[in-house]
Amino acid sequence: MVFTDDIEIGLGSMVALVNTAGEPDELLDLQALEAFAATYRWTGRRDHTQRELDEVRALRPRLRQFWTRDEDGVVELVNELLREYQALPQLMRHDEFGYHFHASPLDAPYAERMAVEAAMSMSDVVRTGELSRLRVCGMSDCDSVLIDLSKNRSKRYCDLNCSNRAAVTAYRARRATG
């Protein structure tokens, strides 16, 4: 295991959030945001308002910058988010999870908690020297992001769909050359 369970969950949630900004946009309405929150088991305050949806949607391009910056730039963005939202790490325990860090109060706005969670998760990626695990999908027509949590660092595609399309493309290329 490279990261603790809570960090892997935070990274997975961040990847999923960033990737909702694709074509088509997967966070168009409050119902989609509710589904996202349920899927990634977000706890704490939820306002269920258009403003909350707009704030979460606005966070996506900011978090995508983790995949486009070098190490110093990632550190700058982590620190910027932690300062902006006045993160105060505290150990908490809830649901079936053991003690883990939360760095914003459960009554903080949803987008703020998402930003702080992303920053805390990325701080572990930086501290462990694992930024090379952040990748953009290997399919030429896909710009989704991923984090490779495999032991052998072999993950190249964002999901099974892109992986299957790459395999079919490679198969057809091999058949074409005889």
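Throughout, read-outs are computed from the coordinates displayed, never taken from laboratory work. Predicted, not measured: the structure shown is a model, and the values here were computed from it. Don't worry about glycine lacking a Cβ; one is built from the backbone with ideal geometry, like all the others, and counts go over all protein chains shown.
Using just its DSSP H runs of length 4 or more, each adding -39500 (n - 2.57), the chain gives a mean residue ellipticity at 222 nm of -16500 deg cm²/dmol after division by all residues.
Treating r as the C-beta distance of His94 and Leu28 and R0 as 22 Å, the FRET efficiency rounds to 0.15.
Using a cut-off of 14 Å between beta-carbons, work out the net charge of the residues near Arg51 (Lys and Arg +1, Asp and Glu -1, Arg51 not included). Value of the local net charge: -3. With contacts taken as Cα pairs under 8 Å at a separation of at least 6 residues, the chain carries a relative contact order of 23 percent. When the Gaussian network model of the chain links Cα atoms closer than 10 Å, the mean-square fluctuations of Ala111, Ala35, Ala119 top out at Ala35.
Taking 7 Å steps out from each Cα toward its Cβ at Glu130 and Arg41 produces label points 1.8 nm apart. Expressed as a fraction of 2.2 N^0.38 Å, the value expected for a compact globular protein of N residues, the C-alpha radius of gyration of the chain is 1.11.
Other residues within the sphere of radius under 14 Å centred on the Cβ of Tyr99, judged by their own Cβ, net out at -3 (K and R +1, D and E -1). Relative to its residue count, the range 1-85 spans a Cα convex hull of 119 Å³ per residue. In the elastic network of the chain, a GNM with C-alpha springs shorter than 10 Å, the most mobile of Arg45, Arg133, Arg64 is Arg45.
In nm, what is the difference between 0.36 nm times the number of residues separating Arg69 and Ser154 and their Cα-Cα distance?
Computed gain between Arg69 and Ser154 is 28.5 nm.
Mind checking which of Glu71, Glu96, Glu26 has the largest fluctuation in a GNM of the chain, springs on alpha carbons under 10 Å? Largest GNM mean-square fluctuation: Glu96.
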